[in-house]
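Notes to accompany the following structure.
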Amino acid sequence: MKYWQILASFVLAVVLFVYPLPAEAASSSSVNSSIGNIGNKGASGQDYSGQNLAGTEFTSVKLENTNFSNADLRGGVFNGALLEGVNLHGVDFRQGIAYLARFKNTDFSDAVLTDAMMLRTTFDDVDVTGADFSNAILDMTQVKKLCANASGVNSQTGVDTRESLGCK
């Protein structure tokens, strides 16, 4: 079963790279959230806890000590963002994208990151206790780093963190 999940993820990644979506699909003009595209502005220290931020883009921005706990970030985008000391506890980041993002001293505990695309993203000193990474696509070096401290079961999905990361 594990082999098929890895194979399916690989095939999906190849298809997305060979047949990419039009650039307009990811443009800030297509975002319909109340916050929209947060780019080059900085949102450090903001409290977005519990808010509906589905589809919001955070582009080339420093998000230091920002609180996203229990926020709805489904389909959200962190592109080239620095997230240091950020609280993502219980966040719903299903089908989200984190590309060239850097998570440092970040709390991902009990977060749902299923089907997220998190390529070329780094995770340093993060808490993933109870996080669900099922079908998420991450760089293998980062998966190994996350597995070193992964533990717990997600309270919303009932999925074991180590199992969702494919830890051995």
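Screening A71, A54 for residues that are open to solvent by less than 20 Å² (accessible area, probe 1.4 Å), among the small types (G, A, S) and at pLDDT 95 or above leaves exactly one candidate, A71. Look at region 142-168: where a residue is free of Cβ contacts under 8 Å to residues at least 60 places away in the same chain and more than 11 Å from A131 (Cβ to Cβ) and a partner is assigned to a helix (DSSP H, G or I) and β-branched (V, I, T), sitting 6+ places away or on another chain with Cβ atoms under 8 Å, you get C167/V143. Scanning region 134-168 for residues that are of a type in the set (S, T, N, Q), buried (at least 17 other Cβ atoms within 10 Å of the Cβ) and not in a loop (DSSP other than H, G, I, E, B) returns Q142, T161, S164. Of all residues in region 104-133, those satisfying the criterion of being assigned to a strand (DSSP E or B) and open to solvent by 20 Å² or more (accessible area, probe 1.4 Å) are K104, D107, M117, T122, D124, D127.
Evaluating L100 against the criteria (1) closer than 24 Å to A131 by Cβ; (2) modelled with pLDDT under 95; (3) surrounded by fewer than 17 Cβ atoms within 10 Å (Cβ to Cβ) leaves one unmet condition, (2).
The values are calculated or read from the model by the stated rules, or taken from the named source; none is laboratory data. Bear in mind the structure is a predicted one, so any value in this text is a computation, not a measurement. Every residue, glycine among them, receives a Cβ derived from its backbone with ideal geometry; neighbour counts consider all protein chains shown. The protein model used for the area step is the full one, side chains on, heavy atoms only, and it has no ligands, DNA or RNA in it. Shrake-Rupley method; radii C 1.70, N 1.55, O 1.52, S 1.80 Å.
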